[in-house]
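So the structure is just underneath, and the comments pick up after that.
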Amino acid sequence: MHRPDLVLNLLLAAAAALYLAAWLLLLRGRRRSGYGTFAAGWAVNLVLVGVNAALAKGPPLGNMYHVQVVLALCFGPLFAVQAARSKLAWTGVYFALVSALPLVGALFMSKDVGWRRMPALQSPWFVPHVAAYMLSYALAGVAFGLALVGRAKGRRLGLEDAGRYDRACLETLRLAFPFMTFGMLSGALWAEEAWGAYWSWDPKETWSLITWMLYVIYFHCCADRRLSRYAMPAQVLAFAALLTTFFLVNLWPKLASVLHGYA
Amino acid sequence: MRLAVAILVALVAFLLVGAIPVEDGAQIVVFHTPAFIALAAALALSLVRCAFGRRWRWRRAGFPAVHLGVVAILAGALAGHLAGKRGDMVLPLTDKHVTDRIERPGGPPAALGFGVSAIQFDVAWYDPVYGLYEPAPDGGRHRLTRSVPVGPDGSLDLGPLGRVAGADLRDKATGAWAPQYRLAGGAVLALLPRTPRYYAATLRFTAGGGKSELRPLAVNHPAVFRGWRFYLVDFDKEERRYIVVTARRDPGRPAVIAGIWLVIAGTALLCFLGRGGGDAQA
């Protein structure tokens, strides 16, 4: 194996292992060691992002492998904000688990660092646009996990537990949605500067709009008691659209996006 | 609230249809149908009704900001669609060739009312990158296994396969990089299409009376002249004889940009400062 790839895979495995260990510790109620291990995993993750940036000689956001690593890094700070803002420290166990998942996926992705930023990507919008989307997708993933666990626990333990998880899910998505909005609309402003068109109905753009609108529908359903029973289905569809935007559009040739081909 | 949700659901259905992949792309034609435009208009009316439907205090300014921001975006987009002009120009890199019209897809050329020429062009390239194509284990076609950039010393580091010196890859007389290089063991290095690191031009605009003005033009930095915006989108990579420019005149642009920032700010206010779903009660 090519030496940089070996180093990268070792760092990936170490960070993923620490995140998973943190998840197990927090699951068993060992908060001190759990959060300590979470922080250690995050530190290794940060080193990995630094190594990727050094190898790419620029922002490490040029391919799916880079994006997965940055995505994993987002969860730690987001949990800290969520815990402080909405008193949801008990959700740390879920943030630890979802931190590991992108890194496990990244182990099997090409580490090719021969990517060069073409002139259209050399814009001040590049990092804010991609970073905002990473933050929002990270939080949306956590929210979806909370919703699923809430449903499962609600069946076993009662409605109160499900309600607690639903509230956590809503608060997490309220944190995510402004980033998602900024990510989408900053892309429109950037596209106008680069190509003279805010919106080209490119598959990536269309699916990101579908995702955004489904979350808008979710929030409206949460706000109206008569529509509240549709909130969970709306969120499931929104998350499915998010996965389509994030993965399928890149990986399925027929959905391949011409304008976002470098993503 | 239920009407708004119904409109949003219908719009999502349209978007899903438009996202279906077909032979020559997605079915984006659905986004230009009267039904879709009517639905967008219904959404705009619903948003206005929601925004002005009740009195809002300043600390809840996020709600009307988001709703009116979307209306501004839709209104600006409609104005641009109805009254805007957009087209492409191929400008030879010489000040002797002056163009005064743009080519529009599916329509007649549109006059600019002034002349445009490209008088200067600069391009810088990234170092070359070679693709390493290795024979398939089953003896099938070679597969691209890795991209290998040329190093600072001009050589290629192929890891376990060793190193290829720059002198072996370049033509001694011209210095040009070899399009292909065969390695021992059957692997092949193939020069990948070069990526420009930067390119920019200078446009000369000539109006009546012989007066001319110069404007710099680069990717992500459009040139502006008399309400028209010019975007550098491509250039002749083989012989550098011309550049490709998109020209656009969009009366709805200020409304769209204002709407975008209203939605961004309003969403942040609504979600970061608001209190759960109660802020959006019908």
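The values are calculated or read from the model by the stated rules, or taken from the named source; none is laboratory data. The model shown is predicted, which means the values in this text are computed figures rather than measured ones. Glycine gets a Cβ as well: all are built from the backbone with ideal geometry, and neighbour counts include every protein chain shown.
Quick notes
- One residue stands out among those in segment A:75-111 that are under 30 Å from B:Leu158 (Cα atoms) and crowded, with 19+ Cβ neighbours inside 10 Å: the one that is modelled with the highest pLDDT, which is A:Leu103.
- Residue match in segment B:241-261 (condition: without any contact (Cβ under 8 Å) to a residue 40 or more places away in the chain, in a strand (DSSP E or B), surrounded by fewer than 22 Cβ atoms within 10 Å (Cβ to Cβ) and facing another protein chain (nearest Cβ under 10 Å)): no
- Segment A:167-186 - residue that is at pLDDT below 95 and more than 9 Å from every other protein chain (Cβ to nearest Cβ) and, of those, farthest from A:Tyr215 (Cα to Cα): A:Ala168
- Within segment B:224-233, the set of residues being out of contact with any Ser or Thr (no Cβ under 9 Å at 6 or more places or on another chain) and surrounded by 15 or more Cβ atoms within 10 Å (Cβ to Cβ) comprises B:Phe225, B:Trp228.
- Taking segment A:57-74 as the range and being surrounded by fewer than 19 Cβ atoms within 10 Å (Cβ to Cβ) and either in contact with a Lys or Arg (Cβ under 9 Å, 6 or more places away or on another chain) or outside any helix (DSSP H, G or I) (or both) as the test, the residues that pass are A:Lys57, A:Gly58, A:Pro59.
- Candidates are the residues of segment B:42-68 that are out of contact with any helix residue (DSSP H, G or I) (no Cβ under 8 Å at 6 or more places or on another chain) and among the hydrophobic types (A, V, I, L, M, F, W, C); the one that is modelled with the highest pLDDT is B:Leu45.
- Filtering A:Val49, A:Val7 for residues that are assigned to a helix (DSSP H, G or I) and under 16 Å from A:Ala131 (Cβ atoms) leaves a single hit, A:Val49.
- Looking across segment B:63-107 at every residue that is of a type in the set (Lys, Arg) and touching an Asp or Glu at 6+ places or on another chain (Cβ under 9 Å), the one that is farthest from B:Arg253 (Cα to Cα) is identified as B:Arg104.
- A search for C-beta distances below 7 Å between a residue of segment B:184-201 that is in contact (Cβ under 8 Å) with a residue 12 or more places away in the chain and any residue that is charged (D, E, K, R) and surrounded by fewer than 16 Cβ atoms within 10 Å (Cβ to Cβ), counting only pairs 6+ apart in sequence or on different chains, returns B:Val188/B:Arg182; B:Tyr199/B:Asp122; B:Ala200/B:Asp122.
- Out of B:Ala258, B:Ala247, sole residue that is within 29 Å of A:Phe219 (Cα to Cα) and among the hydrophobic types (A, V, I, L, M, F, W, C): B:Ala258
- Checking each residue in segment B:145-170 for being of a type outside the set (S, T, N, Q), in a strand (DSSP E or B) and facing chain A (nearest Cβ under 10 Å) picks out B:Arg146, B:Val148, B:Pro149, B:Asp157.
- Every pair of residues 6+ apart whose Cβ atoms lie under 9 Å, when the first sits in segment B:28-44 and is closer than 16 Å to A:Leu209 by Cβ while the second is among the polar types (S, T, N, Q): B:Ile28/A:Ser200; B:Ile28/A:Thr206; B:Phe31/A:Thr206
- Pairs with Cβ under 7 Å, 6+ apart, first in segment A:211-233 and without any contact (Cβ under 8 Å) to a residue 40 or more places away in the chain and facing another protein chain (nearest Cβ under 7 Å), second buried (at least 18 other Cβ atoms within 10 Å of the Cβ) and not in a helix (DSSP H, G or I): none
- The residues of segment B:188-228 that are more than 14 Å from chain A (Cβ to nearest Cβ) and within 21 Å of B:Leu156 (Cβ to Cβ) amount to a single one, B:Val188.
- Across segment B:265-275, the qualifying residues are those that are in contact (Cβ under 8 Å) with a residue 60 or more places away in the chain and at the interface with another protein chain (Cβ under 7 Å from one of its Cβ atoms), and the one among them that is farthest from B:Gly80 (Cα to Cα) is B:Cys271.
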